[in-house]
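Reviewing the structure listed below.
The values are calculated or read from the model by the stated rules, or taken from the named source; none is laboratory data. Note that the coordinates shown come from a computational prediction; the quantities given were computed from them, not determined experimentally. Ideal geometry is used to build each Cβ from the backbone, glycine not excepted, and the neighbour counts take in all protein chains shown. With ligands, DNA and RNA removed, areas are computed over all heavy atoms of the protein, side chains included. Shrake-Rupley method; radii C 1.70, N 1.55, O 1.52, S 1.80 Å.
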Amino acid sequence: MSVDKASLQFGTESRPEPLRVGLIGAGGIAESAHVPALRNLPGRVRLVAVADPNGGRAKALADPFDADYYEDYRALVQRKDVDAVIIATPERWHADITTAAAEAGKHVLCEKPIAHTLADADRMLRVTRDHGVRLMIGHSRRFTARYQALKDLLDENAVGAVALIRENERRARPASDGGYWSPGHWTADPAQSVGVALTNGIHEADLSAWLARSEPVRIYAEAKILREGGKVPDFITWTITFANGVLATSEIVNGLPPSYPAYHQLEVYGTEGALRAKDHDMQSAVCYGTEGATHPISYSALLHQQDTYTRQLKAFADAVEGGGPLPVTPEEARAALYLALAAQESAERGRAVKLAAPTGEPPRRLRP
Amino acid sequence: MTLPVRIGLLGADERIRAMVERYGPGAPLEAAPVTVGSWAPCMIPEGLPSVAPNETARYGAILVDRWTEVLEDPLVDSIVVGTDPGARPVVIQAGLEMGKTVWCPWPIAETEAAWEPLEPIVAEHPGQLRIINDLVATEEGASMLARVHEGGLGTLTTVYGAFRDSQGRRGMTSPAMSSLTWHALDFLRRLTDSPATRVYAASGPRRSGGPQLLLLTLRYLNDVVVTAEVATGFPGASGDDWEVEAVGTAGAFRIAPFQRELTVVSAQGSRRVPWVAGPGVSFFEGGLEPTSGAMDVRSRTGELLVLMRAIEASLERRDAVAL
């Protein structure tokens, strides 16, 4: 996918009939990413309603748009004036909500990962296909300007044959007042989350395959629980071997001290050069205090945050209304889920997992 | 008062050339460590294809015909071995038997077959063989070890390390591994202070002009998980490029010793100052304290040889190998 230069002028584009959108889920990702994207595309999309079991949160997000709100998503998907829904809930609800939306004729833009099991993912592919609606999974890194630029460089053979892709991700351990991995948050609840392999790692799984331009054939992973009292892994490291010989590795840490900068580190090594994009090389602010250095805005300054979700939403709206290809197909999202689940299986077994071809038989525990 | 130490140099690798630059009579005064008062830099002629005699003379080095002359020189207290890894066991043995303190970078022996005859000789000369670890020799690497061992990070949980020799200066010790792998694994072993119990290795295809990549995932007995990359000969950079990040229950620490290299921009383009100008040759400072510290060279060598074999087995089986 090439960089969409025109998409830098999100707010100026207007059409007679904006895409009418319902937002399902009013948690952190909805508030920090999807709502700003909706706000950035006023003539292109229009938020009609928000649904969340926490009605107060739904109302808070809906009010600035003069939108309605519901505590039950099923009421939202039955509205005649909703063309598409954005699903921003924990992954275990994705399949049920997608099914309800598709059966009501709504197109779906769903947060990553596509689902928490391959069986659910297959159900989502099937129901959207059967009802003739579009399904796109929000693998947001593909819409980051810098990753798109790096992808363009690889497509132009800027570094020769790719040998290694590294994407590392660093985040601080949860603050006492909530957030990912904190007690009570769904990401830390084994009933709702399998842990870092899907919460963070799904990004790395998709990104690696996207940049490698090949099918993964083997993965090995080690995982850990870093936070005291944790019940699901918040650390994982893996190595993927692709059919074309490319190696991809990712190490994802969610247990850094609060003052440590959050960052991403993407490196691609080829036979004729290397590409690097490291957040920590671009620190926007460092505060040196008596207790050492802190990086107060490192998270919000991560480059993948900037305009990413606006690009993603615009690409979805274009595909829905124009009928063109989706920039992230449901099949690709399923492949990323397959890879991330294989990583988890590898970590649990302490063995490498041999991966099936896309149409082949997956490993025993990964079968839908 | 620190007594001057007279050093003999054997070999002509990058390390030796850096030391000639740094400690030789023609070197800038401020670059000379105070602990080195006099020395006899000798080189092996047959190991000097790129170091011509006139260049050696430029640095005031004494050029000898036979490498054994360095060992026979009564003015030499210590030798630094900078030969090809395959020649090191012979040189180490001769140096120890001549009563010299021997400084040698990893690997001191590439295989069990090379190590077995050397091991009893090392045992007979306790404390005389001292290991040079390129990363420990950096200020940043030493600081990281100190910080971790003092408990500054709480309990160590995970480590990420990238060890890159961009120009492939360190020789390959097997089709997949370079001598840099030894430095990396020894540094990680010192950092974790625990033996590895499981390793998974993957290596990239060797393409003409391309990098040699070795990716390692290690789990140690104390449950620390390490992700490491050892790369040699990849294009696009001119020097070593190392990065290590250690995460513990109470903090994290990241070092990148060679990323502080200067970038020199000229009409011909830009280049980075080579690593020889960096901090990588400081292992003598501090009065010739052994960088091996409390490490038992014999047991560490044996342990790393076993780990190397496990890595090779992992590459062959394409699966993790328990140790």
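Per residue, the stretch A:75-218 exposes an accessible area of 32 Å² to a 1.4 Å probe, with every protein chain left in place. Roughly how much accessible area, to the nearest 100 Å², goes out of reach of solvent when B and A pair up, both sides summed, probe 1.4 Å? Result for this pair: about 3300 Å² buried. Look at the stretch A:216-222: the mean tally of other chain Cβ atoms within 10 Å of its residues' Cβ atoms is 4. Counting protein heavy atoms only, the stretch B:59-135 has 54 percent of its accessible area on carbon and sulfur, 1.4 angstrom probe. Going from the chain on its own to the full set of protein chains, the stretch B:299-323 has these residues losing 50 Å² or more of accessible surface (heavy atoms, 1.4 Å probe, no ligands, DNA or RNA): B:R318, B:D319.
FRET efficiency for the A:D152 to B:R298 pair, using the beta carbon distance and R₀ = 51 Å, is estimated at 0.45. Take A:K59: with every protein chain present and a 1.4 Å probe, its accessible area is about 80 Å². Annotation: amide H-H contacts under 5 Å for A:V85 (H modelled 1.01 Å from N, sequence separation of 5 or more, or interchain): A:G22, A:H107, A:V108, A:L109. Counts of other chain beta carbons within 10 angstrom of each beta carbon in peptide A:97-108 average 0. Cross-link partners of A:K106 among lysines, defined as those whose alpha carbon lies under 19 angstrom from its own and excluding same-chain residues fewer than eight positions apart: A:K80, A:K314.
For an R0 of 22 angstrom, estimate the FRET efficiency from the Cβ-Cβ distance between B:H149 and B:A256 and round to the nearest 0.05.
Details: r = 20 Å, r/R0 = 0.93.
Once the sixth-power term is evaluated, E becomes 0.60.
Using alpha-carbon positions, what is the distance between the centroids of the stretch A:63-139 and the stretch A:216-234, in Å? Answer, in whole Å: 29.
Would you mind telling me the share, in percent, of accessible area of the stretch A:95-234 contributed by carbon and sulfur at probe 1.4 angstrom? Please list the in-between numbers first.
Working: 2220 of 4480 Å².
Roughly 50 percent, rounded to a whole number.
By its C-alpha gyration tensor, with a ≥ b ≥ c as the square roots of the eigenvalues, how is the stretch A:124-223 shaped: rounded for a/c under 1.5, else prolate for a/b larger than b/c, else oblate? Oblate, because a/c is 1.5 or more while a/b does not exceed b/c. What's the local net charge at A:L326, with K and R +1, D and E -1, over the other residues with C-beta under 12 Å away? It works out to a net charge of -1. Neighbouring Cβ atoms from other chains, within 10 Å of the Cβ of residues in A:162-172, number 3 on average.
Arrange the peptides A:154-163, A:193-202 so that the one whose residues have, on average, the most other Cβ atoms within 10 Å appears first.
On the way: A:154-163: 17.1, A:193-202: 25.6.
Per-residue Cβ counts within 10 Å, averaged per peptide and sorted highest first, yield A:193-202, A:154-163.
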